[in-house]
Amino acid sequence: MELSAFEKWRAHLGPALNRAIQRFPLSVGLLSVATLLFFVGMNLDPEFENDLIGQTFVICVFAALWSIAAQLAHESGNFPRIWVWFAAIMGTILIGITVYWHEQLPVTPEIWPPILVLLTSISPVLRPNGPEGAQQQQDFFWWINHRAIVSALIAGLAFLVILFGFVIVERSLAILFGLNAEHVVYRYLLPTAGILFAPIFWMTTIPEPHEYAPHDLTEPDFISRAAGFLGLYIFAPFLAFYALILVAYAVQILVLQAYPEGTVGWMVVGFICVAGLNHLLLYPAFMRANPIVVRYLRYWPFFAVIPVMMLAVAIYIRVQNYGLTPERILLIAGAFWTASIITLGMLNRLDIRLLPGLAAILLLIISFGPFNIENWALRDQLSRFESGYDRWRQANNADDVEQVRSAANYVMRTPEGRAQLTGLLEQKGFEVEGEITRNQVSELLGLPDLTPQGDEQGDYAHLSNQQPINLVGQFAFYGHIQLPCCSQQVGPYRFSINGRELTIMRDEAKLITHDLTSWVSSLDLGGTILHDRRFQFEAENKTFLGFVDEVHIEQDPEGERTVSRLHFFLFVKQSNDVN
């Protein structure tokens, strides 16, 4: 039978690539679209990261991973073939809604990547099972994830080799022949390798269920033995030593009657995450044949009891004193996951599928809906602001002032927070003029200044322009600069930003370093509108004018300001005989 033109073309691609396209057609198609969108965005659209093209690119990448999870779930034998298409389409729509309308909906699409990775890891083992099936499912879960992770690491290593190879080729062409291949290499070839070829290579190596061989858990290959050695002789001793450090710290707290440090929460959650990873490394039967491994797997959860109790106390103190923030909500979710894993481990009922599965469920809960980390934190801080203000009006207590200050600083970080605070103040009879600022809140409420204090780890402000550029005289327009990315060069000049220093170079030589300190210090960080947007510097006997349209300022607890993002239009005075 003669093959069609398409079938002949597909056959020429090779059996491995052909297999990936047949098995994951939706994912390959979505990644191909994502690659094309990346080309268009990076080469034609200066606002690629934040506009429709950039968002669609992100959706395609996320949906590709979701489609892989749907295919693996189908291959588990519990879902029909049509499930893959239905789940992929509905998942893409859901992901698109959360990305396109993330400002209008209670969603946090930034948490999609870990959720999708975790769901992909458990998607092959979603079928119901009895008491004996549970053990078989855990064995299969370990087997397929072990191979998928190893192949993903190999794909990442292959991309790094390609990266270094392209860099060497590009530099060699530039040095030996004066050819500029930088645009082609970094905007076309490398993105194709990273976005399309590396993921397809990984898809070709994901094993299928019929390839599962139980003897792989009793007769391991070299990589499995190396992973087991790493878990038993490196991770296990360090985890035991770290557990003793955390226990000793808990004893110190009891002796000194002091509160635990805020960072102890992430230390404990990180400790349990690494311990869970080590549990997976030591899980296969060939490792559990070692009596030391059996005892370790049985008793390591008991070493984590005191650190988990300390974690609960630390979270309670921080939330009680300073309220909820997205980071603390993540920490609460991590604490719940940690406590669940430890409890099941102590009862000898820990199913290794729960390690990623429970984490995925918790992340879904706090990412979308009423318990979304951003909205939940904002509601809590508004409630703290209102209750603290009411108590301060009655008792004039310094602690209540600090609570109002802390809550107000948090709420005013976002436009949504400022809008809700404005509504709350208007409900209490205050008249708010224009966009609310910290100074305005202080004046309205009769409170001391609202500069960040106490638990604040620093502050930031995102200011943007809302007025046209007003030029008087003759000027030449050079272009639009976006620092630290993505447009750093206009004409012969290349710009970079470091803290408050703007460096201008030409032909790889530094022309001048312009200090932005006076301009940055003059900015009002209490709102979002950029009022003082002009700065000026001299170089090569020319007068350059920068008109800022967007700036992101970070401020540490001591009030030190630094510029983390600066977008501006560059002009040169024509009166200086500029060509």
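The values are calculated or read from the model by the stated rules, or taken from the named source; none is laboratory data. Please read these numbers as outputs of a predicted model, since none were measured by experiment. Glycine gets a Cβ as well: all are built from the backbone with ideal geometry, and neighbour counts include every protein chain shown. Ligands, DNA and RNA are stripped out before the accessible areas are found, and what is left, the full protein with its side chains, is counted by its heavy atoms. Shrake-Rupley method; radii C 1.70, N 1.55, O 1.52, S 1.80 Å.
Worth pointing out:
- Test result for A419, part of a helix (DSSP H, G or I) and either buried (at least 20 other Cβ atoms within 10 Å of the Cβ) or touching a residue at least 60 places away in the same chain (Cβ under 8 Å) (or both): no
- Residue check for E211: free of Cβ contacts under 8 Å to residues at least 60 places away in the same chain, open to solvent by 70 Å² or more (accessible area, probe 1.4 Å) and more than 25 Å from the chain's Cα centre (by Cα): yes
- For region 453-466, filtering for residues that are part of a loop (DSSP other than H, G, I, E, B) and either at pLDDT 75 or above or touching a Lys or Arg at 6+ places or on another chain (Cβ under 8 Å) (or both) leaves 4.
- Tally of residues being of a type in the set (D, E, K, R) and either surrounded by 14 or more Cβ atoms within 10 Å (Cβ to Cβ) or not in a helix (DSSP H, G or I) (or both) across region 168-186: 1
- Per the listing N375, N321, the residue uniquely polar (S, T, N, Q), part of a helix (DSSP H, G or I) and either open to solvent by less than 40 Å² (accessible area, probe 1.4 Å) or touching a Leu at 6+ places or on another chain (Cβ under 8 Å) (or both) is N375.
- Among the criteria (1) over 30 Å from P220 (Cβ atoms); (2) hydrophobic (A, V, I, L, M, F, W, C); (3) part of a helix (DSSP H, G or I), the one L119 does not fulfil is (1).
- Looking only at region 330-353, and only at residues there that are under 27 Å from F368 (Cβ atoms) and of a type in the set (S, T, N, Q), the one that is least open to solvent (accessible area, probe 1.4 Å): T338
- Pairs where the first residue, in region 487-510, is among the hydroxyl-bearing types (S, T, Y) and outside any strand (DSSP E or B) and the second is open to solvent by 60 Å² or more (accessible area, probe 1.4 Å) and at pLDDT below 85, C-beta under 8 Å, 6+ apart: S487/P46
- Within region 345-358, residues that are among the acidic types (D, E) reach partners that are surrounded by 15 or more Cβ atoms within 10 Å (Cβ to Cβ) with beta carbons closer than 8 Å, at six or more positions or on different chains, in the pairs D351/Q138; D351/L344.
- Candidates A155, A87, A70 - the one that is aliphatic (A, V, I, L, M), part of a helix (DSSP H, G or I), modelled with pLDDT under 90 and buried (at least 18 other Cβ atoms within 10 Å of the Cβ): A87
- Residues of region 218-270 that are surrounded by fewer than 17 Cβ atoms within 10 Å (Cβ to Cβ) and outside any helix (DSSP H, G or I): T218, E219, D221, Q257, A258, Y259, E261, T263.
- Of residues in region 277-305 being touching a residue at least 60 places away in the same chain (Cβ under 8 Å), more than 14 Å from Y242 (Cβ to Cβ) and under 30 Å from the mean Cα position of the chain (by Cα), the one most open to solvent (accessible area, probe 1.4 Å): L280
- Those helices (runs of 4 or more DSSP H) lying entirely in region 1-52 with at least 3 residues open to solvent by 90 Å² or more (accessible area, probe 1.4 Å) and at pLDDT below 55: 5-12
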